[in-house]
């Protein structure tokens, strides 16, 4: 049951990423702007439609987008690594997890080439891949530490 659930979680997370990627440039930009606006209005008293809010959006737009890329692929790396570990693949788990995540990142960016107002970039593939590699490495180290701790 754990195997099936972990595989389902990976597939659902990949579908979530793909769903974000299918949005055209206007929808994607609008979502990012909405997220920034909500965060700022929660933590400050800056009004939504003010000039100050627009300056904050302009300054934080790209960092927020890149953090979102990093976050979703970091989670993907953890989920894939967990699935491989649960399925009993003990050798080369890090390599397999990395390849799955890198190939998915490439396919996701390739998919974005065909969406209006979006572009698939090598820079995003590198960011996504590094996030999933980092997560996979952390997961791998934790498993090794657990193994030695239980010994």
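The values are calculated or read from the model by the stated rules, or taken from the named source; none is laboratory data. On a predicted model such as this, the values are computed, not experimentally measured, just so you know. Cβ atoms come from the backbone with ideal geometry, glycine included; neighbour counts cover every protein chain shown.
Suppose we keep only residues that are without any contact (Cβ under 8 Å) to a residue 60 or more places away in the chain and within 18 Å of residue 68 (Cβ to Cβ) within region 131-151. Which one would you say is farthest from the chain's Cα centre (by Cα)?
Per the criteria, the residue is 133.
To keep it simple, each residue is scored yes or no on (1) touching a residue at least 60 places away in the same chain (Cβ under 8 Å); (2) part of a helix (DSSP H, G or I); (3) within 9 Å of the chain's Cα centre (by Cα).
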site: 64; (1), (2), (3): no, yes, no
site: 67; (1), (2), (3): no, yes, yes
site: 71; (1), (2), (3): yes, yes, yes
site: 76; (1), (2), (3): yes, yes, yes
site: 79; (1), (2), (3): yes, yes, no
site: 84; (1), (2), (3): no, yes, no
site: 90; (1), (2), (3): no, no, no
site: 98; (1), (2), (3): no, yes, no
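Please work out if residue 40 is in contact with a helix residue (DSSP H, G or I) (Cβ under 7 Å, 6 or more places away or on another chain), farther than 22 Å from residue 22 by Cα and surrounded by fewer than 16 Cβ atoms within 10 Å (Cβ to Cβ). Full working, then the answer.
Numbers: in contact with a helix residue (DSSP H, G or I) (Cβ under 7 Å, 6 or more places away or on another chain): yes; farther than 22 Å from residue 22 by Cα: yes; surrounded by fewer than 16 Cβ atoms within 10 Å (Cβ to Cβ): no.
Against the criterion (in contact with a helix residue (DSSP H, G or I) (Cβ under 7 Å, 6 or more places away or on another chain), farther than 22 Å from residue 22 by Cα and surrounded by fewer than 16 Cβ atoms within 10 Å (Cβ to Cβ)), residue 40 does not qualify.
Which one of the conditions (1) more than 25 Å from residue 137 (Cβ to Cβ); (2) crowded, with 16+ Cβ neighbours inside 10 Å does residue 109 fail to meet, given that it meets all the rest?
Of everything listed in (1) more than 25 Å from residue 137 (Cβ to Cβ); (2) crowded, with 16+ Cβ neighbours inside 10 Å, residue 109 misses just condition (1).
Being within 21 Å of residue 112 (Cβ to Cβ) and touching a residue at least 12 places away in the same chain (Cβ under 8 Å) is the filter here; which residues of region 2-19 pass it?
If we filter region 2-19 for residues that are within 21 Å of residue 112 (Cβ to Cβ), which is where we start, we get 10-19.
Correct list: 10, 13, 14, 16, 17, 18.
For region 1-13, what are the residues that are out of contact with any helix residue (DSSP H, G or I) (no Cβ under 6 Å at 6 or more places or on another chain) and under 17 Å from residue 74 (Cβ atoms)?
12, the sole residue that qualifies.
Could you count how many residues in region 119-129 are surrounded by 15 or more Cβ atoms within 10 Å (Cβ to Cβ) and free of Cβ contacts under 8 Å to residues at least 24 places away in the same chain?
As a first pass, look at region 119-129 and keep what is surrounded by 15 or more Cβ atoms within 10 Å (Cβ to Cβ): 120, 124-125, 127-129.
Those still in the list that are free of Cβ contacts under 8 Å to residues at least 24 places away in the same chain too: 120, 125.
Of the residues in region 119-129, 2 are surrounded by 15 or more Cβ atoms within 10 Å (Cβ to Cβ) and free of Cβ contacts under 8 Å to residues at least 24 places away in the same chain.
Yes or no, residue by residue, for (1) at pLDDT 95 or above; (2) within 18 Å of the chain's Cα centre (by Cα); (3) closer than 30 Å to residue 80 by Cβ; (4) surrounded by 11 or more Cβ atoms within 10 Å (Cβ to Cβ):
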site	(1), (2), (3), (4)
3	no, no, yes, yes
10	yes, yes, yes, yes
28	no, yes, yes, yes
32	no, yes, yes, yes
57	no, no, no, yes
